[in-house]
Amino acid sequence: MKKLIYIGLLLLVGYSIYARDVFTAYEDSQNFKNKIINNGDINMLKSIINFQSLISFSKDELRLLRNMIYAKYNYSFKSNELRNYFSKFKWYEGIKTNVDESLTELDKINIRFIQEIELNFPTGNEIDKKLIGIWRFAGGVPAAGYIWGDYIRIYQNGIFEYLFRDSRTDKYGLWTSKNLVQTNINIEYISISDINYNDDRKEEEIVIYDQIWWHLGFENADQRIEWEEVFNW
């Protein structure tokens with residue numbers, strides 16, 4: 001009995017550490033967003049933008065980020081909304097009608113990448129289906145510190161994150177429950193089935209990569225609240 005209690009305590013401690021690791025990516029994205037969207041720190045645009053940086057972005061925030069690349073060259077926007085937004089930053093003058101020749105290859109890569117996420121942004125119906133959250137591979141077993149094995153995190157802005165159970169490596173891409181518009185060969189796209197309810201397991205499940213995934217369970221109400229704060233359930 002004592003041995004079982006000890007094992008249980010180890011699993012709870014492991015979950016706590018694991019949960020903090022999981023939250024890091026989302027918090028890092030929020031920090032990135034605060035620096036560039038709220039503070040207008042255009043130095044953040046000096047490197048390639050990746051999925052990890054954007055997992056907390058809304059569609060409107062993605063639009064602002066994409067246009068900030070033009071704004072840093074003082075492009076004069078036709079949209080009053082964009083002009084007013086960028087005018088609050090001291091570096092913006094908005095005096096040029098065309099800045100295409102000023103765009104670097106890095107700028108163009110970042111613009112295309114952001115546009116791809118905007119293009120495949122989930123509809124309200126997709127988000128309402130409660131796909132948003134964490135799904136674990138059906139039958140996954142504990143390994144390499146992962147209590148549930150492989151899992152996929154589905155973010156509400158169309159980004160997914162796949163973490164492998166045998167290592168700390170992961171991969172990102174775009175998901176949909178409809179038809180994806182695939183225009184970038186360097187991005188992985190996945191289609192997700194509608195949620196089904198498994199009567200035997202009393203658990204929700206979806207199909208990704210032609211395999212069944214189960215919705216992540218919660219040990220207590222506090223854990224559910226923590227996950228809800230991250231995924232806005």
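The values are calculated or read from the model by the stated rules, or taken from the named source; none is laboratory data. None of these values were measured; they are calculated from a predicted model. Counting neighbours? That spans all protein chains shown, and the Cβs are built from the backbone with ideal geometry, glycine included.
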Find the helices (runs of 4 or more DSSP H) located wholly in region 36-143 whose residues include 2 or more that are of a type outside the set (A, V, I, L, M) and farther than 20 Å from Y162 by Cβ, and list them. 59-71, 80-87, 105-119, 124-128
Can you tell me which residue among L180, L163 is buried (at least 16 other Cβ atoms within 10 Å of the Cβ) and modelled with pLDDT under 75? L180
Scan (1) crowded, with 16+ Cβ neighbours inside 10 Å; (2) at pLDDT 90 or above; (3) of a type in the set (S, T, N, Q) for the single condition S102 breaks and write down its number. (1)
Six or more apart or on different chains, Cβ under 9 Å: which pairs go from a residue in region 74-86 that's over 21 Å from D41 (Cβ atoms) and surrounded by 12 or more Cβ atoms within 10 Å (Cβ to Cβ) to one that's at pLDDT 95 or above and of a type in the set (D, E)? Could you list them? S76/E93
W148 - would you say it is more than 13 Å from the chain's Cα centre (by Cα), modelled with pLDDT under 80 and crowded, with 17+ Cβ neighbours inside 10 Å? yes
Contacts under 7 angstrom Cβ, first residue in region 205-217 being within 16 Å of T176 (Cβ to Cβ), partner assigned to a strand (DSSP E or B) and not β-branched (V, I, T), 6 or more apart: I206/W135; I206/W213; W213/W135; W213/R136; W213/F137; W213/E205
Find the residue count for region 189-201, including only residues that are assigned to a strand (DSSP E or B) and either touching a helix residue (DSSP H, G or I) at 6+ places or on another chain (Cβ under 7 Å) or surrounded by 15 or more Cβ atoms within 10 Å (Cβ to Cβ) (or both). 2
